Structure formats: structure tokens, C-alpha cells
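Following: one structure in C-alpha cells, then a few remarks.
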Amino acid sequence: MSGIGRRALQDIAGSLSARDWTILRFLSTHKFASTTHLCRMHFTAHATSSAATRACLRVLDRLLERRLVARLDRRIGGIRHGSAGFIWHLDVAGERLTRPRGAPRRHVGDPTTAFLDHHLQVTETVVTLHELSRNIDLELAAVLVETEAWRTFLTSHGTTAMLKPDLFATLATSEFEDHWYIEIDRGTESTPVLLAKCRVYAAYKATGRAQAEHGVFPRVLWVVPKQRRVQRLQSAIHADLKLPHKLFTIITPDQLTTTIDPIADTASTESRKEEP
């Protein structure tokens with residue numbers, strides 16, 4: 001029981017607010033989030049960002065005391081970023097309360113720098129998508145993370161393959177929906193590895209399963225750390241004559257909002273489903 005009995009856990013659950021539960025479920029889905037991420041997601045009604053941060057930290061400290069959340073020793077940006085750079089995850093009570101019935105216990109352990117950097121960039125992308133939907137006339141109709149977005153399929157050669165995007169997102173207006181597979185690259189994989197992932201998307205498109213599920217085949221968005229890597233991956237995709245290069249968009253993180261905003265009309269019509 002890790003020091004927390006069933007009755008104590010029930011008492012903790014009964015004392016949680018709706019926002020507490022939302023924070024715990026967010027951490028259950030995304031594994032890691034900074035104070036800033038949680039503030040941007042769940043404390044949006046405050047007059048200033050400093051007021052929102054203070055309110056966020058008060059809630060997180062209360063959840064910390066009850067072993068619902070914990071924080072890593074590391075911080076985003078180091079110690080100079082203060083409490084805004086704390087990296088949070090579920091602690092034992094939070095993990096038990098959000099664990100699906102029958103599922104194995106989830107262990108955080110001591111994540112490697114590369115693993116943590118990747119997960120934090122996935123969280124940053126999700127938070128940005130939610131902010132985009134709040135700031136303009138746009139609905140984030142779906143956002144699926146990792147295993148929820150993965151699909152197993154048979155290739156044309158009869159072998160089993162798995163499509164494993166980091167995220168799947170649908171953004172909708174009153175007129176249309178845009179569908180995206182999103183790959184978060186942090187510069188740790190070689191170009192051949194990225195091309196192999198691109199070929200999996202091409203193979204999955206050939207099955208027609210995504211088109212049956214969404215009405216169109218989603219666009220594949222690569223978010224890479226630097227412009228030099230954008231150019232390298234673009235060149236490699238164009239050099240592979242078997243890849244449908246128009247299927248892939250490659251950007252850096254600062255270009256996410258302008259790229260994925262359907263109102264800006266930057267999305268390909270190939271990934272857009274018109275509303276009836």
C-alpha cells in the first residue's frame with residue numbers, strides 16, 4: 001500500500017476538487033509537466049501570470065503534501081527559473097487514484113535526460129494546442145497521446161506493423177476538421193530512423209484504414225528542434241521517391257501555432273474533412 005491505506009485513499013479522493021482531479025488526470029496522461037505547463041492548462045482565469053503561478057503552486061503544494069504529486073530534483077532551465085521550472089509527476093496516491101482498474105502500477109523511476117526532454121516537449125505541444133483552441137474560434141475536438149493514438153496494421157507484404165505517433169489531434173471549426181499525426185523529434189535519432197517512421201505512415205495510408213476512421217488521411221507533422229534539422233529531413237524525404245512528400249510537414253516548435261491553425265489555411269486539403 002506504500003504507506004497509504006485504502007480508507008485513507010478514499011478520504012483523500014473525497015476531498016479533491018474538480019480541478020485537483022483534472023490536474024491528476026493530466027499528469028496521468030502526460031507523465032511529466034512543469035509548473036508553467038500546469039499553470040497554462042489549469043489556471044487561466046487569473047489577472048496576471050504571476051497570480052496564476054502563485055495559485056498553481058498553492059494547489060500543487062497541497063497535492064504534494066498528500067502524496068498525490070511529486071517533483072523531480074531537476075528543473076527546466078535550472079535553479080534560476082525557480083518554482084516555475086519544477087517538473088511534476090504523480091506520486092503514489094495520485095497514481096493509485098488514476099490507475100485504470102486492473103492495470104499494472106506505473107513507475108516513474110529516474111528518467112533519463114532524453115526521455116524527460118521528449119515527454120516535456122509532448123506536454124508543451126498539447127498545452128499549446130489547448131491554448132490555440134481557447135484563443136480563437138476553434139475546437140480541439142480530439143487529442144490522443146502515444147498508445148491511444150497507435151494503430152496496428154498489416155502491410156502490403158502481409159507483415160504486422162505499428163503506427164506510433166506521439167500525438168494525434170483533430171482541430172475543428174464550423175466548416176471543417178483538420179487531422180494531424182504529430183511526431184516530436186528532439187534530435188536524438190538519425191535521419192534514416194526518421195525516414196523509416198515516414199515509410200510506416202506511407203504504408204498505413206496505403207491500407208485506407210485512417211481514411212475510413214477520419215474521412216481523410218491525417219497530415220504528418222514533424223516538430224524538430226532546429227531549422228537545420230528541418231532542412232535535412234525535408235531533403236531526405238524528397239530524395240526518397242517512394243515517399244509521398246506532400247504528406248509531411250516539418251517545423252520547429254515556435255512554428256506550431258501558425259502551422260496547425262486551420263483558420264490560417266496552412267493545412268493541406270488532404271488532411272481536411274469538410275463539415276456537412
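In the stretch 229-261, how many residues are assigned to a helix (DSSP H, G or I), free of Cβ contacts under 8 Å to residues at least 40 places away in the same chain and under 15 Å from L129 (Cβ atoms)? Before you say what the answer is, go through the steps one by one.
Of the residues in the stretch 229-261, the ones assigned to a helix (DSSP H, G or I) are 229-239, 245-247, 253-260.
With the extra rule that they be free of Cβ contacts under 8 Å to residues at least 40 places away in the same chain, the set shrinks to 230-231, 234-235, 238-239, 245-246, 254-255, 258-259.
Subsequent filtering for residues that are under 15 Å from L129 (Cβ atoms) retains 254-255, 258-259.
Within the stretch 229-261, residues that are assigned to a helix (DSSP H, G or I), free of Cβ contacts under 8 Å to residues at least 40 places away in the same chain and under 15 Å from L129 (Cβ atoms) number 4.
Of the residues T147, T152, which is touching a strand residue (DSSP E or B) at 6+ places or on another chain (Cβ under 9 Å) and without any contact (Cβ under 8 Å) to a residue 24 or more places away in the chain?
When all the criteria are applied, what remains is T152.
State all residues of the stretch 209-228 that are in contact with a Lys or Arg (Cβ under 7 Å, 6 or more places away or on another chain), assigned to a loop (DSSP other than H, G, I, E, B) and not aliphatic (A, V, I, L, M); if no residue qualifies, say none.
Answer for the stretch 209-228, where residues must be in contact with a Lys or Arg (Cβ under 7 Å, 6 or more places away or on another chain), assigned to a loop (DSSP other than H, G, I, E, B) and not aliphatic (A, V, I, L, M): G215, F217, P225.
Every number here is computed from the coordinates shown, using simple stated rules; none is lab data. Just so you know, these numbers come straight off a predicted model, no measurement behind them. Virtual Cβ from ideal backbone geometry, glycine too; neighbours counted across all protein chains shown.
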